[in-house]
Amino acid sequence: MKKMNCKRYPAITAICLAFFMTIGCGYRFSPQGEYVDKRIQKVYVEQFGNKTAQAEIENFVRTAFINHFIQYSRFKVVGGVEEADATVKGTIIHYNTRALSYHPNKLVAEERATLTLEIVFREKESGKVLWGAKGIKGDEEYKLADDINLMPPARKNALIKLANDVAERAVNLMLAGF
């Protein structure tokens, strides 16, 4: 009779346990919008309002929302409100940058950008608000080069990342019903 290696039992047991716990508990890695009426299939993301002094920020945020809705198979993003079953409308309430550190030449070396949004997810036919939130916030830290531009590339890249992070958080909350 061949003797089995007992050292492998704990590792195999742990792997099997983790696998069955993940499958058994019904856990999902992202919300899929199950709480939203199944008749709502198509979503239109409207132009975002911009109450800040930062030009074009509303375009970055809207694009981020469209991209995150496309990632979920529950809804189809459409190109016009007339095709949609529901709409997403948002307003950028606040955007600012704050210096975190300086170069020896007194130019800003590192900044933090902060963004605050209001979002409403509304059924088109009835006008019923399916989900809404005020004060969805995010921030992003980034380093600046020594150049002095109105919109340095580092700030623009940080703004795009910030828009994506806030959109991801908001869409996840929206689809989870929180």
Whether any residue in the range 69-82 is within 23 Å of Gly49 (Cα to Cα), assigned to a helix (DSSP H, G or I) and touching a residue at least 60 places away in the same chain (Cβ under 8 Å) is what I want to check. yes
Number of the condition not met by Val88 [criteria: (1) in contact with an Asp or Glu (Cβ under 6 Å, 6 or more places away or on another chain); (2) surrounded by 17 or more Cβ atoms within 10 Å (Cβ to Cβ); (3) assigned to a strand (DSSP E or B); (4) of a type in the set (A, V, I, L, M, F, W, C)]: (1)
Within 16 Å of Lys156 (Cα to Cα), surrounded by fewer than 15 Cβ atoms within 10 Å (Cβ to Cβ) and of a type outside the set (A, V, I, L, M), is that true of Asn96? yes
Any chance the range 158-171 includes a residue that's of a type in the set (Lys, Arg), at pLDDT 95 or above, part of a helix (DSSP H, G or I) and under 17 Å from the mean Cα position of the chain (by Cα)? yes
Considering Thr87, Thr63, Thr91, Thr116, which residue is closer than 13 Å to Glu46 by Cα, in contact (Cβ under 8 Å) with a residue 12 or more places away in the chain and within 14 Å of the chain's Cα centre (by Cα)? Thr63
So in the range 97-113, with the set limited to residues that are in a strand (DSSP E or B) and in contact (Cβ under 8 Å) with a residue 40 or more places away in the chain, which one is nearest to Arg74 (Cα to Cα)? Ala113
Ala154 fails exactly one of the following numbered conditions: (1) closer than 21 Å to Asn50 by Cβ; (2) part of a helix (DSSP H, G or I); (3) in contact (Cβ under 8 Å) with a residue 12 or more places away in the chain. What is the number of that condition? (1)
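The values are calculated or read from the model by the stated rules, or taken from the named source; none is laboratory data. It should be emphasised that the depicted structure is a prediction, and the values quoted were computed from it without experimental measurement. Neighbour counts are summed over all protein chains in view; Cβ atoms, including those assigned to glycine, are modelled from backbone coordinates with ideal geometry.
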